[in-house]
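The values are calculated or read from the model by the stated rules, or taken from the named source; none is laboratory data. For clarity, every value in this text was computed on a predicted model and none was experimentally measured. Glycine gets a Cβ as well: all are built from the backbone with ideal geometry, and neighbour counts include every protein chain shown. Keep in mind that these areas ignore ligands, DNA and RNA; they rest on the heavy atoms of the full protein, side chains included. Shrake-Rupley method; radii C 1.70, N 1.55, O 1.52, S 1.80 Å.
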Amino acid sequence: MEILLDTANLEQIKKYVELYEITGVTSNPTIISKEKAEFWPLLTEIKKVIGDKQLHVQVTADNWQDMLKEAECIREKLGADTYIKVPTIEQGICAMKHLKAMGANVTATAVYTTQQAMMAACAGADYVAPYFNRMNNLNVDSKKVIGDMVNLFRAHNKPTKVLAASFKNTEQVMDALTVGAQAVTVSVNLLTTMVQNAIIDFAVEGFRKDWIDTYGDKRIYEL
Ligand code: G3P
C-alpha cells in the first residue's frame, strides 16, 4: 500500500515527507501552475527534498515525439528514475511504449476507463492513475472500475499498479484501497483528516490527563 502526495507545494512536501511514510510526489500541469513558480527550480527543489522517493512529472505535448523530447529533458534534469506521467490518449500510448523501450518509469494518467488502463498496461506503464472523483462526477462507479483494473492486471500477470487519484474525501481513498489499488495520491488536506477528529483527540487527552495526575509532566525516560 503506497501513499503519494498530490501536490507541488514545497512546504507541504517538506512537512509531510518528514511526518508520514510517503512513497513519493505526483504532479500535473494544474498542480504545478498553482505554485506560481519557475518550473525547473520548483521541481529541482522538490526532488532535493524527497531524495530517492518517487517524483511523477507530467508531459504537456500533444504528440508522442514531443512527449518523448519532454520526457528526455525531465529525466536529464530530475533524474532517470523520474516517473513520466503521460495522458492515456492515442499519442500518449505510443509515447509510453517508446519510454518503456528506453527504460523510463511511466505513469499513465487521465484514466477514466478499464479499456484505457488495459491499453496503458499493454504499453508497459508502471502505474495507471484512474480519477476517482472525476469518474464519480460522471455517475461512474469508481470503486467498481478500479477493482476491475486490479483484477484485470492480476488475471493477465501484468505488473502495472493502480495509483488512484482525484479524491475529494477520505471515503473515496479508502474505497480505492479496499478494492485493491496498490497506491493512492492524495492532497495534504485529505491526508491530515485521516488521523484528525475530536474522538481521537478525546482518547489521547484522557491518557494524557491520567498520566499527569499520577506522574506529573515527566516523560517515561525521566522516571
Ligand atoms: O493526480 C490527478 C489529480 O490531481 C486530479 O485530481 O482533483 O483535479 O480531480 P482532481
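Subtracting the Cα-Cα distance of D81 and R154 from 0.36 nm times their residue separation leaves 23.8 nm of extension gain.
Between segment 147-223 and segment 30-86, how many Å separate their Cα centres? Computed from Cα coordinates, the inter-centre distance equals 28 Å. Here segment 107-161 exposes an accessible surface that is 52 percent carbon and sulfur, computed with a 1.4 Å probe and the other protein chains kept in place.
For the chain, the solvent-accessible area works out to 54 Å² per residue, with a probe of 1.4 Å and every protein chain left in place. Helices of the chain meeting both criteria, an alpha-carbon length of 18 angstrom or more along the long axis and an average Kyte-Doolittle score not below -1.0, with helices taken as full DSSP H segments, are 64-78, 142-155, 198-215. Across the chain, Cα pairs under 8 Å and at least six residues apart give a relative contact order of 16 percent.
Extension gain for T170 to M1 (0.36 nm times residue separation, less C-alpha to C-alpha distance): 59.3 nm. Of all beta bridges that DSSP places with both ends in the chain, some 0 percent have antiparallel geometry. Note on D52: accessible area approximately 140 square angstrom, rounded to 10, probe 1.4 Å, nucleic acids and ligands left out.
On the basis of the beta-carbon distance and an R0 of 45 Å, V195 and Q65 show a calculated FRET efficiency of 0.50. Each label was represented as a point 7 Å from its Cα along the Cα-to-Cβ direction; for F202 and K144 these points are 3.8 nm apart.
Site pair K97 and E35 shows an inter-label distance of 3.3 nm when each label is modelled 7 Å from Cα along Cα→Cβ.
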